[in-house]
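A.B. asks: One structure, pasted below without further comment.
The values are calculated or read from the model by the stated rules, or taken from the named source; none is laboratory data. Just so you know, these numbers come straight off a predicted model, no measurement behind them. Every residue, glycine among them, receives a Cβ derived from its backbone with ideal geometry; neighbour counts consider all protein chains shown.
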Amino acid sequence: MSRDMHVFWLVENTVVVPTTGLTNKDQIYVSPNVPTAPNAHQLLHLNAPYSDPISPFDCHTLRFSSNAHPFLGFSIPDLTFSCKLLEPLKHTANSLPIIGPDRGLYKLHTSLIKQWAELEQNLVMINHALMNKLKVPYVISPFKLPSKYRLDVPRSQLKLREVALEARDAFRPLIAKTSWLIAMLHPIGKPFDLLQEDWCLRMMGEQPSTVQWFHELADSPIATFTRQVGRIGVVVTPDFKYLKFIPSFIQANVPIWFVWNHPQHYATTPCGIYLPRADLVESAKKRAQRDTSSATTFVNANQAQNTTSARASMEAPPHDTSSAAPLAEAPEPKPGSRQKKGESVFQFITRYEEENKLKAARESIQEREARLAREEAQSSFPLPGKKGPK
């Protein structure tokens, strides 16, 4: 049975091909819960290798599904640590409580170290408990825990702030995995309410001292599965060993795109119910062939009679290439431009946006408010026109 699906035809050279033996030059993406294709910025890192161990950067970029890291689709790139449970993490380099100097070295305040250690310990314990209940036969690759950064070791002030922020961001994979486990154990079709989960009720009954902590967990983004949380999502390939859990991903409002280049790719899995109608695939293909300037085209089941092309943000303006010849060596970028040698302007813009996104993720609430205020103030100054600046 086919459900109403969003079908996207991504033409050759506009999307990377997953390294899973799929040799199609064009790619068919199908989504049961996202009305648009991944944009050019999201497509940029699909096949990028994961860090070893995985890093916070891996929690900021859309990727193909990974059997070693199936939980990364639950990552929240714009997590602000504003709830009570995660409040100890709401620090910037300047707000960290630092003690010193002592013979030229500094240490992080013991109280913050203890708060972070307690949060890590609680999340690790709930991870172990839920992993045992999930009973999956696959081994998930470990990641570097915050405690491995040894925040109790004296360092120079600059190095201490740098390591402390790395330790703080190391909570991101742990948070994503906790969310994934909670969602995987939740029955399909029931509304999410952590405090009414059978396993949660049992744990609170056996250990009454955990009741307050579970209430804080329930009020955090970790156990909240609305679209507003803003999870990063995943592009699923047929070799994903966790396909039976994809309905739980969708129920948790995690953005899902299937690479579906053959009707039989997911036929024997629970994902087979998301097989798109052949006429939608054909319509998407025809649209892509007609609109050669478009990086992606899509057809929505509710828009079969009125399709719309989705232009990628990386699309270059048309120019005459009849007399262009490839350079033997890329030219040097202009001094002060921050552009790397051999990097196109579109690659530069994408990298610059990614850097800004990572910086924004580390902002405190106060810093974010200050930045937004600056941006609003700058927008109120009109650019010079024919009559000069006003």
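A.B. asks: Restrict the check to region 199-216 and report whether at least one residue is among the small types (Gly, Ala, Ser) and under 28 Å from Leu275 (Cβ atoms). Talk me through it step by step, then tell me what you get.
C.D. replies: Taking region 199-216 first, the residues among the small types (Gly, Ala, Ser) are 205, 209.
Of the ones still in play, those that are also under 28 Å from Leu275 (Cβ atoms) are none.
No; the residues of region 199-216 include none that is among the small types (Gly, Ala, Ser) and under 28 Å from Leu275 (Cβ atoms).
A.B. asks: Can you name the number of the only condition in (1) at pLDDT 85 or above; (2) crowded, with 17+ Cβ neighbours inside 10 Å; (3) among the hydroxyl-bearing types (Ser, Thr, Tyr) that Thr14 fails?
C.D. replies: Unmet for Thr14, out of (1) at pLDDT 85 or above; (2) crowded, with 17+ Cβ neighbours inside 10 Å; (3) among the hydroxyl-bearing types (Ser, Thr, Tyr): (1).
A.B. asks: Also, quick follow-up: If Gln228 meets every condition in (1) surrounded by fewer than 21 Cβ atoms within 10 Å (Cβ to Cβ); (2) within 18 Å of Pro32 (Cβ to Cβ) apart from one, which number is that one?
C.D. replies: (2)
A.B. asks: What are the residues in region 248-281 that are at pLDDT 95 or above and either part of a helix (DSSP H, G or I) or of a type in the set (A, V, I, L, M) (or both), if any? Let's see the steps before the verdict.
C.D. replies: Quick first cut of region 248-281, residues at pLDDT 95 or above only: 248-258.
Passing the criteria: Ser248, Phe249, Ile250, Gln251, Ala252, Val254, Ile256.
A.B. asks: Then there's this: Within region 194-205, how many residues turn out to be without any contact (Cβ under 8 Å) to a residue 12 or more places away in the chain and surrounded by fewer than 17 Cβ atoms within 10 Å (Cβ to Cβ)? Lay out the reasoning, then the answer.
C.D. replies: Initially, region 194-205 is screened for residues without any contact (Cβ under 8 Å) to a residue 12 or more places away in the chain, giving 196, 198, 201-202, 204-205.
In the following step, the residues that additionally are surrounded by fewer than 17 Cβ atoms within 10 Å (Cβ to Cβ) were identified as 196, 198, 201-202, 205.
Residues in region 194-205 being without any contact (Cβ under 8 Å) to a residue 12 or more places away in the chain and surrounded by fewer than 17 Cβ atoms within 10 Å (Cβ to Cβ): 5 in total.
A.B. asks: Moving to a separate point now. Out of everything in region 154-179 that is aliphatic (A, V, I, L, M) and free of Cβ contacts under 8 Å to residues at least 40 places away in the same chain, what residue ends up being nearest to Glu216 (Cα to Cα)?
C.D. replies: Val163
A.B. asks: Answer yes or no: is there a residue in region 144-163 that is in a helix (DSSP H, G or I) and in contact with a strand residue (DSSP E or B) (Cβ under 6 Å, 6 or more places away or on another chain). Quick ask: steps written out before the conclusion?
C.D. replies: Initially, region 144-163 is screened for residues in a helix (DSSP H, G or I), giving 146-149, 157-163.
Still in the list and also in contact with a strand residue (DSSP E or B) (Cβ under 6 Å, 6 or more places away or on another chain): 157, 160.
Yes: region 144-163 contains one or more residues that are in a helix (DSSP H, G or I) and in contact with a strand residue (DSSP E or B) (Cβ under 6 Å, 6 or more places away or on another chain).
Conditions (1) touching a Phe, Trp or Tyr at 6+ places or on another chain (Cβ under 7 Å); (2) exposed (fewer than 14 other Cβ atoms within 10 Å of the Cβ); (3) touching a residue at least 60 places away in the same chain (Cβ under 8 Å); (4) not aromatic (Phe, Trp, Tyr), marked per residue:
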| residue | (1), (2), (3), (4) |
| --- | --- |
| Val34 | yes, no, yes, yes |
| Pro38 | yes, no, yes, yes |
| His41 | no, no, yes, yes |
| Pro49 | no, yes, no, yes |
| Arg63 | no, no, yes, yes |
| Leu79 | no, no, yes, yes |
| Leu89 | yes, no, yes, yes |
| Asn132 | no, yes, no, yes |
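A.B. asks: Also, quick follow-up: Within region 282-299, restricting attention to residues that are under 18 Å from Asp4 (Cα atoms) and surrounded by fewer than 20 Cβ atoms within 10 Å (Cβ to Cβ), which residue is modelled with the highest pLDDT?
C.D. replies: Residues of region 282-299 that are under 18 Å from Asp4 (Cα atoms), as a first pass: 282-285, 297-299.
In the following step, the residues that additionally are surrounded by fewer than 20 Cβ atoms within 10 Å (Cβ to Cβ) were identified as 282, 285.
Values: Glu282: 89, Lys285: 86.
For region 282-299, the residue satisfying everything is Glu282.
A.B. asks: So, in region 140-153, of the ones that are under 19 Å from His69 (Cβ atoms) and touching a residue at least 24 places away in the same chain (Cβ under 8 Å), which residue ends up surrounded by the fewest Cβ atoms within 10 Å (Cβ to Cβ)?
C.D. replies: Here is the first cut: in region 140-153, the ones under 19 Å from His69 (Cβ atoms) are 140-146, 148.
So of that shortlist, the ones also touching a residue at least 24 places away in the same chain (Cβ under 8 Å) come out as 140-146.
Details: Ile140: 16, Ser141: 12, Pro142: 10, Phe143: 25, Lys144: 18, Leu145: 17, Pro146: 22.
Out of the qualifying residues, it is Pro142.
A.B. asks: Here's another thing I want to ask about it. Select, from Ile99, Ile113, Ile54, the only residue that is surrounded by fewer than 15 Cβ atoms within 10 Å (Cβ to Cβ) and either assigned by TED's automatic domain parsing to the domain that holds Ala183 or within 23 Å of the chain's Cα centre (by Cα) (or both). Lay out the reasoning, then the answer.
C.D. replies: Numbers: Ile113 fails: surrounded by fewer than 15 Cβ atoms within 10 Å (Cβ to Cβ); Ile54 fails: surrounded by fewer than 15 Cβ atoms within 10 Å (Cβ to Cβ).
Only one candidate qualifies: Ile99.
A.B. asks: Consider Gln42 carefully, then state whether it is polar (S, T, N, Q) and not assigned by TED's automatic domain parsing to the domain that holds Asp4. So that I can check it myself, show each step before the final result.
C.D. replies: Details: polar (S, T, N, Q): yes; not assigned by TED's automatic domain parsing to the domain that holds Asp4: no.
Here the answer is no, as Gln42 does not meet what is asked.
A.B. asks: Turning to a different aspect of this structure: Could you count how many residues in region 206-221 are among the hydroxyl-bearing types (Ser, Thr, Tyr) and either surrounded by fewer than 18 Cβ atoms within 10 Å (Cβ to Cβ) or modelled with pLDDT under 95 (or both)?
C.D. replies: Of all residues in region 206-221, those among the hydroxyl-bearing types (Ser, Thr, Tyr) come to 209-210, 220.
Then drop every residue that is not either surrounded by fewer than 18 Cβ atoms within 10 Å (Cβ to Cβ) or modelled with pLDDT under 95 (or both), which leaves 209-210.
Number of matching residues: 2.
A.B. asks: Within region 90-143, which residues are farther than 29 Å from Glu206 by Cα, at pLDDT below 90 and assigned to a helix (DSSP H, G or I)?
C.D. replies: Within region 90-143, none qualify.
A.B. asks: A further question follows. Counting only residues that are among the charged types (D, E, K, R) and more than 16 Å from Thr110 (Cα to Cα), how many does region 149-183 have? Write out each step before concluding.
C.D. replies: First, pick out the residues of region 149-183 that are among the charged types (D, E, K, R): 150, 152, 155, 159, 161-162, 166, 168-169, 172, 177.
From what's left, more than 16 Å from Thr110 (Cα to Cα): 159, 162, 166, 169, 172, 177.
So the count comes out to 6.
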